[in-house]
Each structure stands twice: as structure tokens, then as C-alpha cells.
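Peer 1: Take this structure, written in C-alpha cells, and hold onto it; I'll ask about it next.
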Amino acid sequence: MGRSFEVRKLSMAKTAAAKTKVYSKYGKEIYVSAKNGGPDPDANLSLRRLIDKAKKDQVPAHVIEKAIDKATGGAGEDYAPARYEGFGPGNCMVIVDCLTDNGNRTFTEVRQCFVKTDSKIGAPGAVAHMFDHQAVLAFEGDDEDAVLEALMMADVDVTDVEVEDGTVTVFAPHTEFFKTKTALVEAFGDIKFSVEEITFIPQTYTTVEGEDVARLEKFLAMLEDCDDVQQVYHNVESQD
């Protein structure tokens, strides 16, 4: 496919407040997953993925355990997923995923992020069709053919395999995440994954220039400050 995957991970929190915000977002997502699918990571694969991801982002064990205990207690908040789509600065495409216990509040907060940066929030489905919902796994290696063969032997519906700078990146439909990961571990042993996540990959990329660069930074910072926002996906190509 010739496209390179730009890894977007939560940057290392530099202040106590920033760390608290990261922990809160993971705690909320783990709570919802455990409440809906059960507290056992071996039976709830979505929960297992979230726990692994949280640990990789240095979320303390007590934060994870507290969220699961809260879900098994039967009480607590009633969060629902909410997705907003639109066009950000420079006409880039944006998907904003939230977990909320008050849809009106969340919509108002997210809408203000668009309005205050001359962006346009759209109707459901406005841009999602221009992204692929993918499982992405990356690890050290350089043998694309061996990886592809192992995945095909395991009957994984792999989308693409790329090798760049000593890193193999595997793309598969989001429903194939655990099947893909299991096949790779069984074929190549104890792999250390630098990326293992389910995300939205843009089908096309755009560049942002001039005054829109500052607007985009402001837009993303405002979304990051919204407590209900869990993930933000966009199709802006890195110019680094």
C-alpha cells in the first residue's frame, strides 16, 4: 500500500495534573469494558487489550484494579460511547471518540473545540468512511515475507505488512486483533510489540500549513483537555 503508519501515543505526562488526566481516561475505559464484558481479562479480550495498553503507558496497577473493582461492584457511573466527526483546521478530517455520562455536556464541549478554531463539526459518518478501522501491531524485524507467511498460515485476514527502519508493522481488520497477535507470538516467540492497538488509519493524508498549524495545535489541545474525550484521530501528515 505504500503508506507509513505514524505512531500517535500519549506523550509522557510532565505534570501531576496531566498524569491524573491520563489515568482517568484509562480508568473510565477499563471500567466500561469490565462492566460490559466482564472483569476477567482472559474472557474479555477487549479488557485484556486495554490493560496491556495501560501498563505500557505506565498507568499504575492500583488505577487499573480500582476501575475493575468499581465495575464488579455494580454501582458507579453509566458511561456511553459518543463519536463526533468533522473537519478541523486546514480542512483535515477528524474523528473524536468519547465516553460520557452526559451526552449534551460532551457534545457542547466538543463542539466548542471546533467552533473556537474555525473548524466544522459534521453529522455522524461525515468522515469515518475515509478511515479504516484497523488493528496495528509493530515489532523489530525485517523479514516481511516470513511475517506474511506466518499470518496466512494462521488464516489471519491481514490487510498489509510493512517493513521500515528495522520495524515490521502489521495491519489487519480491528476484529482480527487477537488472532493476529496470537499468530505472531506463536510464530516468532516472545515478541516485544512497540505498537499494539486498534485505531483509525486515514485512507488519504493532508498537510496543514500557515496559520492552520497553530489552529490545529490549539484544536487538539482543547480536545485533550475535555475529560470525556478518549481518542482523537485525524489525517494530518507529520512534517517532521
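Peer 1: Go through segment 73-87 residue by residue and tally those that are surrounded by 12 or more Cβ atoms within 10 Å (Cβ to Cβ) and more than 21 Å from the chain's Cα centre (by Cα). I'd like the intermediate steps shown before the answer.
Peer 2: Filtering segment 73-87 down to residues surrounded by 12 or more Cβ atoms within 10 Å (Cβ to Cβ) leaves 76-77, 79-80, 82-87.
After this cut, where a residue has to be more than 21 Å from the chain's Cα centre (by Cα) as well, the list is 76-77.
The number of residues fulfilling the criteria is 2.
Peer 1: A follow-up question, please. Only one of these is part of a helix (DSSP H, G or I) and in contact with a Phe, Trp or Tyr (Cβ under 8 Å, 6 or more places away or on another chain): Phe219, Phe139, Phe171, Phe178. Name it.
Peer 2: Phe219
Peer 1: Let me ask another. What number of residues within segment 39-71 are open to solvent by 20 Å² or more (accessible area, probe 1.4 Å) and either more than 20 Å from Gln231 (Cβ to Cβ) or not aliphatic (A, V, I, L, M) (or both)?
Peer 2: Going through segment 39-71 one residue at a time, the tally reaches 22.
Peer 1: Based on what the data block shows, is Ser11 among the hydroxyl-bearing types (Ser, Thr, Tyr), at pLDDT 80 or above and either loosely packed, with under 15 Cβ neighbours inside 10 Å or assigned to a loop (DSSP other than H, G, I, E, B) (or both)?
Peer 2: Working: among the hydroxyl-bearing types (Ser, Thr, Tyr): yes; at pLDDT 80 or above: no; either loosely packed, with under 15 Cβ neighbours inside 10 Å or assigned to a loop (DSSP other than H, G, I, E, B) (or both): yes.
Answer is no for this residue.
Peer 1: When you check His129 against the structure, is it in contact with a Phe, Trp or Tyr (Cβ under 7 Å, 6 or more places away or on another chain) and open to solvent by 40 Å² or more (accessible area, probe 1.4 Å), yes or no? Spell out the reasoning first.
Peer 2: Details: in contact with a Phe, Trp or Tyr (Cβ under 7 Å, 6 or more places away or on another chain): no; open to solvent by 40 Å² or more (accessible area, probe 1.4 Å): yes.
In short, no.
Peer 1: Filter segment 182-212 for residues that are over 26 Å from Asp155 (Cβ atoms) and either of a type outside the set (A, V, I, L, M, F, W, C) or modelled with pLDDT of 95 or more (or both) and give the result.
Peer 2: Pro202, Thr204, Tyr205, Thr206, Thr207, Glu209, Gly210, Glu211, Asp212, listed by residue number.
Peer 1: Report every pair of residues separated by at least 6 positions or lying on different chains whose Cβ atoms are under 6 Å apart, first residue within segment 158-176 and without any contact (Cβ under 8 Å) to a residue 60 or more places away in the chain, second assigned to a helix (DSSP H, G or I) and open to solvent by less than 30 Å² (accessible area, probe 1.4 Å).
Peer 2: Qualifying pairs under 6 Å: Val158/Leu151; Val161/Val147; Val168/Val147; Ala172/Thr180.
Peer 1: Scan segment 142-163 for residues that are open to solvent by 70 Å² or more (accessible area, probe 1.4 Å) and either aliphatic (A, V, I, L, M) or in contact with a Phe, Trp or Tyr (Cβ under 6 Å, 6 or more places away or on another chain) (or both) and jot them down.
Peer 2: Met152, Met153
Peer 1: Follow-up question, since we're still on this one. Can you tell me which residue within segment 164-185, out of those that are among the aliphatic types (A, V, I, L, M) and in contact with a Ser or Thr (Cβ under 8 Å, 6 or more places away or on another chain), is surrounded by the fewest Cβ atoms within 10 Å (Cβ to Cβ)? Spell out the reasoning first.
Peer 2: At the first step, the residues of segment 164-185 found to be among the aliphatic types (A, V, I, L, M) are 168, 170, 172, 183-185.
When the remaining residues are screened for being in contact with a Ser or Thr (Cβ under 8 Å, 6 or more places away or on another chain), the result is 170, 172.
Details: Val170: 30, Ala172: 23.
My answer is Ala172.
Peer 1: Among the numbered conditions (1) in contact (Cβ under 8 Å) with a residue 40 or more places away in the chain; (2) among the charged types (D, E, K, R); (3) part of a loop (DSSP other than H, G, I, E, B), tell me where Asp155 comes up short.
Peer 2: It fails just one condition, (1).
Peer 1: Residues in segment 27-36: is at least one within 19 Å of Phe177 (Cα to Cα), open to solvent by less than 60 Å² (accessible area, probe 1.4 Å), aliphatic (A, V, I, L, M) and within 15 Å of the chain's Cα centre (by Cα)?
Peer 2: Yes, that holds for at least one residue.
Peer 1: Applying the selection to segment 193-240, what residues are among the charged types (D, E, K, R), over 29 Å from Asn102 (Cβ atoms) and either free of Cβ contacts under 8 Å to residues at least 40 places away in the same chain or open to solvent by 70 Å² or more (accessible area, probe 1.4 Å) (or both)?
Peer 2: Glu209, Glu211, Glu237, Asp240
The values are calculated or read from the model by the stated rules, or taken from the named source; none is laboratory data. Because the structure is predicted, anything quoted here is derived from the model rather than measured. Reconstructed Cβ throughout: ideal geometry from the backbone, glycine too, with neighbour counts over all protein chains shown. Surface accessibility is based on the protein's heavy atoms, side chains included, excluding ligands, DNA and RNA. Shrake-Rupley method; radii C 1.70, N 1.55, O 1.52, S 1.80 Å.
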